[in-house]
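Accompanying notes for the structure given below.
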């Protein structure tokens, strides 16, 4: 069926004298897709297409492997071994299976990879070699190292040791010496290393302990010297004491100000009176004086000034005045002395607080330095303690390992002299590996050839890489292939003679036309599908003229043009097939017609069109205009106005005109004829047309703005489904 590509009818930019519609160029499709990776189906298709190459390469490689194994037979080899239990199990009564570690249990303490590397180290193998050379002096280190294999038996606590050689007695001796040395190594050398490790740890442990003691003493002396337990606590205490001192100092200052104010008031009369109010003796004397004054005043009214009674009262009153003054002075002096003493005490207290503040400020200033020294000592002590703890832990670990290594390794499977060679299994493995390698080599060669192949291997490959509508897919037809091979010699171009001699030349390019009924059903049905798809390109107007070309010679354009013309005729169309390939004409060979008169005569002479048109006897509605004699300059004839008039007359007289033109690349013939037609039909030969040449052809069409109707895949060898 026709691919679902959008098609529109519009002018292509060229003059169309016949008034035919032109299908819009699909410029976006005129570029070949970049090849990506292969998917699984593509790889299967490649293997199916190139199975002969894969089979041949695999056969050659396998034959080489077999010949190599035959010409170089290997000596029979013997292999023996023994097993060592390198860690104790929980119960000695348990079978060997219990040595398999439980997935949920703790991992083994032995580093098997490192232990195996040690067992295969040159030092240990050198000691074993010295013991083996006593019996077999010809054994060297390389042979021992290459043939001795040491590995852990799956996920168990067992080490498997194997040795392979061509002498079973030699294999047994080497395994015995190796097993004996490994057992001695497990008891002596491992214990020696642990003892050395313990000795080193003990020395470092004593050094670490001395350092911890020294740092603890330094820290204690530092605390005692600066009365410092903890820098942060000390800072908080200083801040709290500063707040307390500030409050006390403020209280003392208030009291001191009040005392000085009282002292100043005591110097004034009002202050003295206030101070004497609360003096009881002074007030008693004042009261007595006041009573005497009252009595004197009362007696003065009764007696004369010289009255003895009055005089006696006055004398008593006068005697009280010195006492009152004396008592007042005493009280004021006492008050004054008390205030002065209080002021002095407050001043002394204030000075003490100021001195304490200075001490706190100085201590606060020294605190960061002391704090850094304290933290440094603490850090050094912590590092020393951690180091001491690590050494203690290491000592305990080494002591545990030492107690464990006293167990030693156990030989649970002693060496046994091998009785049968292992060469037969090696030969079988080599043959299987060779077969796999040969098949993979064949597949690799096939994929490499596919990668290097620049043609289109299948119609799907053409669809994916060239985004143009594929209007038809013609299967490979062996009959057409045979005809093309038979006519290859006949397709040699004629000598370019002058045109007035060409009409006298005999037609040497004659081939026998095969009956179309001899073609396969798939081939004929594919031609009908191609014709139907071409007609379906337009929904309102039919296509009346087609140029059939290809990118390169040999793609089958002439065969497609000839057979398509027959199919169109059989479908009821009045068809004209024009061989416009004036360089290597082929249509007259396919149609079994003479080529004395043709298109070149119509253009270059006044020959009537009816005389150049030939009929095929079996198809009355199929008319053919052969190329005629090959002209010296085909481009000049095809670009002439006579050619345009002829094409217009062809399009008027026939339902469908098919032009067979030369290939696109390197020639201008297509660009001269195609603008006067409805479009170009590109023929692509499967597994023959070069992608680079097709790309150049499409680029030339794009530059010339020529309309491409679609492509026709020719020669598809993939089996077509049967209905």
Give the average over all directions of the projected area of the C-alpha convex hull of region 178-314, one decimal, in nm². 19.3 nm²
Under a no-solvent Debye model with one identical scatterer per Cα of region 537-635, what's log10 I(q)/I(0) at q = 0.12, 0.18 Å⁻¹? -0.40, -0.88
Pair-distance profile P(r), taking every C-alpha pair of region 533-587, with 5 angstrom steps and integer %: 4, 16, 27, 25, 15, 10, 3, 0
Arranged by the count of other C-beta atoms within 10 angstrom, fewest first, what order do 239, 176 take? 239, 176
Protection proxy ranking, peptides 663-671, 675-683, 387-395, 581-589, average beta carbon neighbours within 10 Å, highest first: 675-683, 581-589, 663-671, 387-395
Binned Cα-Cα distances of region 635-723, short to long, each 10 Å bin given as a whole percent: 14, 42, 28, 14, 3
For peptides 625-633, 350-358, sequence by mean Cβ density within 10 Å, most packed first: 625-633, 350-358
How would you rank 661, 385, 150, 171, going from fewest to most other Cβ atoms within 10 Å of each one's own Cβ? 385, 150, 171, 661
Using mean Cβ contacts within 10 Å as the protection proxy, how do 698-708, 570-580 order, highest first? 570-580, 698-708
In angstroms, what radius of gyration and Dmax does region 231-404 have, counting Cα atoms only? 38.4, 138
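Read-outs throughout are calculated quantities, based only on the coordinates presented, and are distinct from any laboratory measurement. Everything numeric here is computed off the predicted structure, so don't read it as measured data. Every residue, glycine among them, receives a Cβ derived from its backbone with ideal geometry; neighbour counts consider all protein chains shown.
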